[in-house]
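Coordinate-derived values only; no laboratory data. Being a predicted model, the structure only gives us computed values, none of them experimental. Cβ placement follows ideal geometry from the backbone for every residue including glycine, while neighbour counts extend to all protein chains displayed.
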Amino acid sequence: MCGIVGFIGRHDAAPILLDGLSKLEYRGYDSAGIAVRDKNGDVEIVKAKGRLLNLFEKTDSGKALHGTIGIGHTRWATHGEPSETNAHPHISGSDVSDATVVGVHNGIIENYGEMKDKLLRKGYKFYSETDTEVMVKLVDYYYKKYNCPPGEAIAKAMVRVRGSYALVLMFKDYPDEIWAARKDSPMIIGICDGETYVASDVPAILKYTKNVYYIGNMEIARLKEGSAEFFNIDSEPITKELFEITWDAEAAEKGGYEHFMMKEIHEQPRAVLDTLNSMIKGEGNECKIDFECIGISDEEIKAISQIYIAACGSAWHVGMATQYVIEDLAKIPVRVELASEFRYRSPILDKNGLVIVISQSGETADSLAALREAKEKGVKTLAVVNVVGSSIAREADYVIYTLSGPEIAVATTKAYSTQLVAMYLLAIKFGSVRGHIDKETYSYYISELYTLPDKIKKIFETKDKLQWFAAKFVNVHDVFFIGRNIDYAVSLEGSLKMKEISYVHSEAYAAGELKHGTISMIEDGTLVISVLTQPQLYEKTMSNMVECKARGAYLAAVTTYGHYNIEEVANFVTYIPNVDAHFMGSLSVVPLQLLGYYLSLNRGLDVDKPRNLAKSVTVE
Ligand code: BG6
């Protein structure tokens, strides 16, 4: 959940490290630091509490540090509050001048307490509250105890710790090298023009190279200027395949928008179209959903008895929305699970079931663990992910890649929308293979999906109205989102957007459930936002709105053009285009994304990097 970078080359390292960290700040932004080794082999460490900007200022944008080898880190605190002392890099000694090992880490060392006690008994002293300082000192301990090469010392520490880590270390005795090790937390290594980069994620090095190595679990790497060697936990050399990244550097820039979130909201039509085109082949009525690249056969699809969807955050909301679509089109029972609950519930899974794990980053620890739980139980797994080569993608039996490109804003928008589309295609494909959808209906659904990009663009025309509404409610405290069926699932996402980036307490409720308790919270002026896009449930939800109005609620509604009678009940209405009811979630979510954005903006908050959150949570 932190961002780490490393560099060895001919250029001064500090500016490159800071630039890389600025591209990873969505992973954690409560403190940061860099360590640079100069030509005399001395290391200088600079750390700063708060945003990366403070580190830029402290280092004069890196110009104050000289040396062509260095490591850096931007933090999302787990052990020890955000502070300069707890910020990374951490050292093996009490002072950098006598530090044998300097390191940065992303992940959690779960048994760090036990290791710390061991090291205290060995005379080590600690200056921070972090698990990372313990890991760096543990490596130092084995390095000195066995007088062994860095790789062996790291391996000895790895087999003794539990948890997750992407670790990047510099050893005093090896001034021209950087060492890296990984278990569960993401890490990539890039080489370009004789210079070597290591980072938590692609955006950090995309500017320099598109050719990357993915270091595997329990693997170690020795990085030198322009080269990388890989070893397994027994220090035996291993070869790695070089992957080419399809994204370009611009994709990780704001492209003229004030915030990444607004840019990514506006990229949804393109992202949805790219994702459709990646899995639909042929023209007109000959269009076919092609799952060949996914690797699941029609026979396997016919044999599926049950689908379990496991995910976190907004990805879980995609599961909640598409369970209705899969059950209705493919006639397969669907259970949607919170990944963090799924993994510890030792779920009873049907052997002929399919576990679908949805994740933008492909690195969310709980979702990765849910995938492993399913594999352990011998159930087939399918991942819907946005990041090529991510852990969940590499460990799943089948993978559907969404094509939303790099998503930088912590609150997801375009990745959410491409996950919806991927799951729609899965529902139609499974439904047709299992004989529940005839040829004509199949073509109809595909043609409906291809209307989504333009219809999303149409919704952007209502931005001003939503901006006005957000300004009106800039000081709102409690908000209720209500809806039925897919509208309820979209309400969950709308409510999360409001909480994530505007810090407004809001709850989403199945509209029919409100009267069984929560309606007691509705009083004069309480803002209730309703989503009504399901034709067969429109009247039902209207009645629930009327129940709220009777208690003094201020009613806002998202519904489709043509339903103008809603203005008799609602105080504010924003209309969206129509599409087949199964796919309405892709349109009704857009006004709610914009509402969350404008409310955050009006409240003067950091839209892209909301407090206490991170883009991908790689620890439990
Ligand atoms: C949170 C992100 O950390 O993780 C959310 O802020 C996201 O936007 C959730 O929905 C799950 O992440 P992922 O990468 O598994 O989809």
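Think of the stretch 64-216 as having a plus end and a minus end, set by charges on the Cβ of Lys, Arg, Asp and Glu; of Ile189, Met170, Val139, Val139 sits farthest toward the positive end of this dipole. Contact order for the chain, expressed relative to its length and based on alpha carbon pairs under 8 Å spaced 6+ residues apart, stands at 11 percent. Its Cα gyration tensor gives the stretch 421-481 an equivalent ellipsoid, and the semi-axes of that ellipsoid, as √(5λ) in whole Å with the largest first, are 38, 16, 7. For the stretch 423-466, the set of GluC sites (Glu not before Pro) satisfying both a DSSP loop assignment and a count of at most 15 other C-beta atoms within 10 Å is empty. Coordinate range of the alpha-carbon atoms in the stretch 54-167 per principal axis, descending: 39, 29, 24 Å.
Distance between the modelled labels on Phe243 and Lys281, one decimal in nanometres: 2.3 nm (7 Å Cα→Cβ projection). Near the amide H of Ile529, within less than 5 Å, lie the amide hydrogens of Phe480, Phe481, Ile482, Ala556, all on another chain or at least 5 residues away, with H placed in the peptide plane.
Counting Lys and Arg as +1 and Asp and Glu as -1 over every other residue whose Cβ lies under 12 Å from the Cβ of Glu337, the net charge comes to 0.
Normalised by the number of residues in the stretch 228-362, what is the relative contact order in percent for Cα pairs under 8 Å and 6+ residues apart?
So the answer I get is 20 percent.
Loop-located trypsin sites (Lys or Arg not before Pro) in the stretch 107-143 (DSSP state other than H, G, I, E, B) with a sparse environment of at most 13 neighbouring Cβ atoms within 10 Å: Lys122, Lys125.
Sites listed here are GluC sites (Glu not before Pro) in the stretch 261-328 whose DSSP assignment is loop and whose Cβ has at most 14 other Cβ atoms within 10 Å: Glu283, Glu292. Coordinate range of the alpha-carbon atoms in the stretch 142-269 per principal axis, descending: 56, 34, 26 Å.
Give the Kirkwood hydrodynamic radius (Å, one decimal) of the stretch 580-620, defined as one over the mean of 1/r across all pairs of different Cα atoms.
12.5
Using only alpha-carbon positions in the chain, the gyration tensor eigenvalues give semi-axes of 45, 27, 22 Å once each is multiplied by 5 and square-rooted (largest first). For the chain, complete DSSP H runs whose alpha carbons reach 27 Å or more along their own long axis and whose mean Kyte-Doolittle score is -1.0 or higher are 414-433. The string of couplings for the stretch 550-564 from the Karplus curve (6.51, -1.76, 1.60, θ = phi - 60°) is 4, 9, x, 5, 8, 9, 10, 9, 10, 8, 8, 3, x, 8, 6 Hz, one whole number per residue in order, with x for Gly and Pro.
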